[in-house]
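The values are calculated or read from the model by the stated rules, or taken from the named source; none is laboratory data. Bear in mind that the values here come from a model prediction, so they are computed numbers and not experimental data. All Cβ positions, glycine included, derive from the backbone under ideal geometry; neighbour counts span all protein chains shown.
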Amino acid sequence: MISVSIVLALVASAVAQAQAPLYSSPYHYSDGHTDRVNFTRLFSSELIFSDTWAKESWNGLVSFARADPVRCFGSDAGMKYDVAVLGAPFDTATSYRPGARFGPNGIRQGSRRLGVDRINVFHKIRVSDLIDVADCGDVPMTFVDSKVALRQLEIANAELLSREASHSFKASSIAKDGKFHPRVLTLGGDHTITLPLLRGVAEIYGPVSVIHFDSHLDTWKPKAMSGPWLPDEEIPVTHGSYFWYAHNEGLLAPNTSNIHVGIRGAINDWGDYENDREVGFVISHAEDIEEVGYKGIVKRIREVVGDNPVYISLDIDVIDPGMAPATGTPEIGGFTTREIKKILMGLEGLKIVGADIVEVAPAYDTQDEITSIAAANIGWDILALMAKTPLTA
């Protein structure tokens with residue numbers, strides 16, 4: 001039989017626990033009451049952004065690699081930065097599996113373990129030591145009209161590019177006006193978004209050499225069809241024809257100084273390769289890596305683009321679907337994530353004026369988020385390349 005003294009002791013312990021503060025820490029979060037937590041203090045931005053523990057464990061607003069979330073088109077429009085991360089939630093010009101409109105969110109989710117303020121051991125730098133990166137959120141792109149949606153992105157991108165970067169250098173800029181402008185890393189979105197992005201880049205730097213990582217050419221010339229379109233109707237741009245439009249608009253560097261890397265998709269006939277050459281591209285196939293290794297691919301890229309300003313456009317389907325299944329048009333036989341990292345590292349020193357990562361469709365991903373994680377790490381490495389090489393003449 002339990003003694004009265006033991007019962008009284010248990011009751012006293014329970015009462016004491018019920019009256020104890022809900023949270024106890026050296027930050028003194030309690031507002032003086034024993035039954036409440038001062039959540040205003042506990043979740044304050046001061047602690048989130050300055051306290052090491054809070055910053056490392058914080059799981060609130062998700063930005064790319066924990067870059068500062070900025071209202072670039074609102075109250076923070078006057079803030080300066082060197083690279084703007086911009087989401088382009090668009091997939092209404094895709095040909096197979098839709099879902100890339102959710103790519104920007106997926107890539108940001110995949111970047112949660114990264115940080116612009118953490119050391120990239122592969123590149124041996126901390127991005128935030130060299131450049132200021134801001135996450136500008138997503139462009140509000142309508143899903144009912146592709147032409148209008150792409151116009152929305154074009155306007156937003158052009159606005160960011162027209163501003164002044166936070167860092168300048170004694171040497172002159174390669175920009176046409178001689179000034180230092182922010183660069184934009186765009187998270188797609190289907191690959192059609194590259195066309196309006198190139199329009200903005202060409203306005204600042206002139207025609208650029210494109211390094212296009214993809215399993216498909218994306219230079220197909222639009223052809224009129226007897227069914228959907230009337231004889232006088234314009235055929236809309238898609239994620240398979242945007243480079244054809246870019247060439248016709250004079251956005252691509254001349255003299256065949258653009259290159260596809262990782263090509264392995266089917267074509268309609270060999271005339272597609274002739275058309276691709278006319279658009280201004282050289283082709284490096286995915287299987288080339290078995291013959292020449294990643295160093296051979298890097299050598300070919302650098303031979304093609306020379307000293308031109310460079311735009312990197314990376315379709316996540318350049319990675320083998322075993323490592324990146326969540327994409328609209330997967331093709332077997334792609335690069336591994338290690339191979340793409342080595343190829344990107346070999347591009348150090350190129351004047352990268354902008355970049356995009358596209359065709360991530362999280363709905364097709366595994367529960368491990370491996371595609372989103374792969375895309376995020378690729379973006380982090382591209383930021384490292386930008387940080388290492390300023391756009392000086």
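Below is a table of values for the structure above.
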read-out: Wholly within segment 119-223, helices (runs of 4 or more DSSP H) carrying at least 1 residues that are in contact (Cβ under 8 Å) with a residue 24 or more places away in the chain, more than 18 Å from the chain's Cα centre (by Cα) and crowded, with 24+ Cβ neighbours inside 10 Å; value: 146-162
read-out: Among residues of segment 80-103, those that are among the basic types (Lys, Arg) and more than 19 Å from Ser63 (Cα to Cα), counted; value: 1
read-out: Which numbered condition Ile259 misses (of (1) among the β-branched types (Val, Ile, Thr); (2) under 14 Å from Ile312 (Cα atoms); (3) in a loop (DSSP other than H, G, I, E, B)); value: (3)
read-out: Unmet requirement for Pro236, which otherwise passes all of (1) in contact (Cβ under 8 Å) with a residue 60 or more places away in the chain; (2) in contact with a Lys or Arg (Cβ under 9 Å, 6 or more places away or on another chain); (3) assigned to a helix (DSSP H, G or I); (4) not charged (D, E, K, R); value: (3)
read-out: Residue match in segment 346-365 (condition: buried (at least 23 other Cβ atoms within 10 Å of the Cβ) and in a helix (DSSP H, G or I)); value: no
read-out: Options Gly200, Gly227, Gly240, Gly189: the member that is within 15 Å of Ala355 (Cα to Cα) and modelled with pLDDT under 95; value: Gly189
read-out: Test: Gly115 is assigned to a loop (DSSP other than H, G, I, E, B), small (Gly, Ala, Ser) and surrounded by fewer than 24 Cβ atoms within 10 Å (Cβ to Cβ); value: yes
read-out: Condition check for Phe90: among the aromatic types (Phe, Trp, Tyr) and closer than 20 Å to Val201 by Cα; value: yes
read-out: Boolean, Pro196 is in contact with an Asp or Glu (Cβ under 8 Å, 6 or more places away or on another chain) and closer than 30 Å to Gly265 by Cα; value: yes
read-out: Unique residue being in contact (Cβ under 8 Å) with a residue 12 or more places away in the chain, surrounded by fewer than 16 Cβ atoms within 10 Å (Cβ to Cβ) and under 16 Å from His216 (Cβ atoms) when the list is Ile263, Ile267, Ile259; value: Ile267
read-out: Scan of segment 230-283 for residues that are out of contact with any strand residue (DSSP E or B) (no Cβ under 8 Å at 6 or more places or on another chain) and of a type in the set (S, T, N, Q), ordered by number; value: Thr238, Ser241, Asn248, Asn255, Asn268, Asn275
read-out: Some residue of segment 313-332 being assigned to a helix (DSSP H, G or I) and over 25 Å from Val127 (Cβ atoms); value: yes
read-out: Near pairs, Cβ below 8 angstrom, 6+ apart or cross-chain, from segment 305-322 (touching a residue at least 60 places away in the same chain (Cβ under 8 Å) and under 17 Å from Pro196 (Cα atoms)) to any residue that is among the charged types (D, E, K, R) and surrounded by fewer than 24 Cβ atoms within 10 Å (Cβ to Cβ); value: Val310/Lys351
read-out: Subset of segment 228-256 that is aromatic (Phe, Trp, Tyr) and over 17 Å from Arg151 (Cα atoms) - its residue that is surrounded by the fewest Cβ atoms within 10 Å (Cβ to Cβ); value: Trp229
